[in-house]
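Visitor: One structure, as structure tokens, below. Some questions next.
The values are calculated or read from the model by the stated rules, or taken from the named source; none is laboratory data. These numbers come from a predicted model, not from an experiment. Neighbour counts are summed over all protein chains in view; Cβ atoms, including those assigned to glycine, are modelled from backbone coordinates with ideal geometry. Remember, those area values only see protein heavy atoms, side chains included, never the ligands or the DNA or RNA. Shrake-Rupley method; radii C 1.70, N 1.55, O 1.52, S 1.80 Å.
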Amino acid sequence: MVDRVRYCYVSGLGLGVPALRELCAQGRSPALVVSYPAELAHRSGYVDYEAVTRRHDLEHLRAADLGSDEVRDAIAARDISLLVAAGWSGPVPEHLLAALPRGGVGLHPAPLPVGRGRAPIPWTILRDMRASAVTLLHLDGGDTGDIIDQAWFDVEPDITATGLYDRVARRQAEMLTARIDDLLAGTAPRRPQRGHASVWPRRRPSDGRIDFTSSGRDVDRLVRALADPYPGAFAMFGGSRITLCAGALDAAVRGGAPGEVVSAGPGRVWGVTCGDGAVFVPEVIRVDEGVRADPASLAMFRAGAFFDEPSPHSLSPARPVPVPGQAADPDTLLRTGG
């Protein structure tokens, strides 16, 4: 019976690739894969699923909106009973879930009910969490559905978004392949989300601007949280946008005033002083929208120069941050990977 139940795999992000590959390797291939079209390639973590679907001879549909007639018709034509969302930065419409005999399940990289909402991987680092989890849940049109399973893991104090993203992707693959037969049979467990719920707000690229009057730990945390596949933490220098793609604090380097460039090693190795006197030494940077570069290769960063001071407006949040217990706005519908 399980072998005759067909499911649709929905993912537009790199988070979903390992699970799809493993499902195919175990003979549990989906009847249809839905992924993002090329015009959404600007989204953090975007992956073109064409190579994966071709390799495994899977039917593939590109769609920006799961509520479209095209998606609905494709699912109906293939007699699909279950939707599995594993990396989709958008809502899964309730009418689509209602039309599926087995409904839908989603993977969310946070320990629900903590971490509902957006950008769970950056927020995990920004909030300095020492443990997190991947949650597999029944979809209910939001991110409040019953939990099927959770896999907890430690979060190292120096982890980057790149490393956390890869870890989450592996955990998702392990969890989904372990549960797929129960999901197809309709026997997957359910337990209500319990405990204090929190909603993590959406983050925009402009939220990544660095304030060098902040402590070194805060600057370091922001750089790590916005590493690939996210847009990166940035500051302005002489009118140029400088993205700090990677780097670390160096306690051996003597700082200057906040935002001041100081010598941090032989040749042109440099660092920038933070508000508490700590020095952040970049390893890789990007100037404006250019390619990545070795910071020491750019003569523009001379000791004694200063990064531009951000205006108070540029550091203020674009919208109020939700508080615990506050009703979620429409942007906090399930984002399985955001």
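Visitor: Please identify the pairs in which a residue from the stretch 10-30 that is on the phi < 0 side of the Ramachandran plot and open to solvent by 50 Å² or more (accessible area, probe 1.4 Å) has its Cβ atom under 8 Å from the Cβ atom of a residue that is in a loop (DSSP other than H, G, I, E, B) and not β-branched (Val, Ile, Thr), counting only partners at least 6 apart or on another chain.
Guide: Partner pairs satisfying both residue conditions: Arg21/His56; Ser29/His56; Ser29/Leu58.
Visitor: Only one of (1) surrounded by 15 or more Cβ atoms within 10 Å (Cβ to Cβ); (2) in contact (Cβ under 8 Å) with a residue 60 or more places away in the chain fails for Gly186. Which number is that?
Guide: Just one mismatch for Gly186, condition (1).
Visitor: Any idea how many residues of the stretch 151-169 are touching a residue at least 12 places away in the same chain (Cβ under 8 Å) and farther than 21 Å from Pro91 by Cα?
Guide: Number satisfying all stated conditions: 13.
For every residue, the table says whether it meets (1) among the hydrophobic types (A, V, I, L, M, F, W, C); (2) at pLDDT 95 or above.
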residue	(1), (2)
Thr273	no, yes
Glu283	no, yes
Val291	yes, no
Leu298	yes, no
Ala303	yes, yes
Pro310	no, no
Pro317	no, no
Asp331	no, no
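Visitor: Determine the pairs where a residue that is more than 18 Å from Val92 (Cβ to Cβ), located within the stretch 104-115, has a partner that is open to solvent by less than 10 Å² (accessible area, probe 1.4 Å) with Cβ atoms under 8 Å apart, the partner being 6 or more residues away or on another chain.
Guide: Correct list of pairs: Pro111/Ser132; Pro111/Ala133; Pro111/Thr135.
Visitor: Is it true that Arg116 is touching a Cys at 6+ places or on another chain (Cβ under 8 Å) and open to solvent by 10 Å² or more (accessible area, probe 1.4 Å)?
Guide: Criteria not met by Arg116.
Visitor: Go through the stretch 28-63 residue by residue and tally those that are modelled with pLDDT under 95 and either of a type in the set (Lys, Arg) or closer than 19 Å to Leu139 by Cβ (or both).
Guide: Residues in the stretch 28-63 being modelled with pLDDT under 95 and either of a type in the set (Lys, Arg) or closer than 19 Å to Leu139 by Cβ (or both): 1 in total.
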